[in-house]
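What follows is calculated from the coordinates using simple rules that are stated; it is not laboratory data. The shown structure was predicted, so the numbers you read here are calculated from the model rather than taken from an experiment. Note that each Cβ is placed from the backbone with ideal geometry, even for glycine, and that neighbours are counted across all protein chains shown.
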Amino acid sequence: MAAEHRTHLYVGIAGEGPLIEGIGEPRPLGGGGLYRQAQGEEDWQSVTKGLPEEPQVRALMVHPENPSVVYAGTQSGVFRSEDRGDHWERTDSPEGDVWSLTVHPQDPSVMYAGYDQYVICRSDDGGATWRKGNTAGITFPHITMNPYPICKRVIGLAIDSHNPQDIYGAIEVGGLVASRDGGENWESITDGHYTRTGPVDLHGVQVNPKAPGLVYIITQLAMFRSRNSGSNWEFVDIEEMFPGGSYCRDLVVAPDDPNTMYLAAGAGGGSSPPGTTEAGVLVRSRDAGETWERVELGEIAPSRMFQIAVDPKAPSHVFCSDRDGLVFRSSDRGETWSKTQVPGEMSRGRHVYPMVCG
């Protein structure tokens, strides 16, 4: 770790809109927000200058080469900061809710943003301007469209470092989509005889650089793996936190070691049986996802674990946060932990969405 580097942690706050299109009154969203905490400090700073009023921050990304540059996905498109979030400016990106951001593994000038309504955009100039990919060929599992169409949010994006033309998008209640031409055209690559929406209610996707085409998806109740770029899938056995599965919300590969992967898992909500007590845990693999074990944080989080962040410039710094902003921090690769609380009252209308560090 360079002596001058100091890890900064960013947590975005937003609310949940209605999943079913055109049915009922929209759920009121809380004020949203974006908070930053610097290494060695306990206070959190609100860093929203230049962002939309009451920003719904559902996606964050730190520039891989310059950690002073940070990107935020909001209800009004993509915003960029060059001073670690002190000031923000809107990029020339489409209006709408941004749910995910990712960057090309070899060329940081190429970036991707996932929106609601399964819009996926590409930037070739470091996020200054964006253009939409062709998603007209995407079709969704029948169960997610009938009797009512459910919103199709691109909640996660991942690129295969061995073949960056292969990009994957995780759709909330919609399955997995993929582009084989660098984001120009997209197609659905998961379909089947589903009896419930749980298996296609995706919450994230990751491509592990350990091997070409090694893709993981996480859902409302399980994790699945493909060893051949999404052509075939297998169930990944992890601890069940409620009868039938675990609520999986985030999956991260350690930036310095593809053998190490972290999963944010929990119970309550989603496909959990009614009355299930909410709880959250961090699960870790040391063999590129073949086997998994729970990380001892010192306590069970009181709500579902939602986000994980590892500093690429200081990979010993690992963070995880539950839905309600209880953040666990480690500076020794997860051996010991402390905790801190993101400010503000949390609810379904205002809770943690993204968390990144750099």
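The overall shape of segment 33-78, judged from the alpha-carbon gyration tensor, is oblate: a/c is not under 1.5, and a/b is no greater than b/c.
With the contact rule set at Cα under 8 Å and sequence spacing of 6 or more, what percent relative contact order holds for the chain? Once normalised by length, the contact order is 13 percent. Separation of segment 129-173 and segment 205-237, taken as the distance between their Cα centroids, equals 16 angstrom. Spin-label pair Ala136-Thr277: with each label point 7 Å from Cα along the Cα-Cβ axis, the two points sit 5.4 nm from one another.
Quick check: from the Cα gyration tensor, does segment 226-358 come out rounded (a/c under 1.5), prolate or oblate? Each step should come with its number before you reach the end.
On the way: a/c = 1.69, a/b = 1.06, b/c = 1.60.
Here segment 226-358 falls in the oblate category.
Can you find, among Phe235, Ser347, Gly298, the residue sitting farthest towards the positive end of the charge dipole of segment 14-357, where Lys and Arg contribute +1 and Asp and Glu -1 at Cβ? Positive-end residue among those listed: Phe235. With a simple spin-label model that places each label point 7 Å from the Cα along the Cα-to-Cβ direction, the separation between Gln45 and Ile300 comes to 3.8 nm.
Test of the criteria: in segment 248-300, which trypsin sites (Lys or Arg not before Pro) are in a DSSP loop and have at most 14 other Cβ atoms within 10 angstrom of their Cβ? Could you put the intermediate results ahead of the total?
Working: sites: Arg249, Arg284, Arg286, Arg294; in loops: Arg286.
When the trypsin sites (Lys or Arg not before Pro) of segment 248-300 are filtered for loop state and at most 14 Cβ neighbours within 10 Å, Arg286 remain.
Dipole check for segment 211-293: with +1 at the C-beta of Lys and Arg, -1 at the C-beta of Asp and Glu, and the Cα centre as origin, the magnitude is about 200 Debye.
With a simple spin-label model that places each label point 7 Å from the Cα along the Cα-to-Cβ direction, the separation between Asn228 and Thr195 comes to 2.7 nm.
Listed values (1) 0.90; (2) 0.99; (3) 2.07 include one computed from this model; for Cα Rg over 2.2 N^0.38 Å that value carries the label (1). First check a/c for segment 150-293, with a ≥ b ≥ c the square roots of the eigenvalues of its C-alpha gyration tensor; if it is under 1.5, answer rounded, and if not, answer prolate when a/b is larger than b/c or oblate otherwise. Because a/c hits 1.5 or more and a/b fails to exceed b/c, segment 150-293 counts as oblate. Magnitude of the charge dipole for segment 168-321, about its Cα centre and with charges confined to Cβ atoms of Lys, Arg (+1) and Asp, Glu (-1), is about 20 debye.
Note on segment 14-357: dipole from Cβ charges, positive end direction compared against Gly175, Pro149, Leu60; the farthest Cα belongs to Pro149.
So, with +1 on the Cβ of K and R and -1 on the Cβ of D and E, and no other charges, what is the size of the charge dipole of segment 14-357 about its Cα centre, to the nearest 20 debye?
On the way: 29 positive and 47 negative charges, 77 e Å.
Charge dipole, segment 14-357, about its Cα centre: 380 debye, nearest 20.
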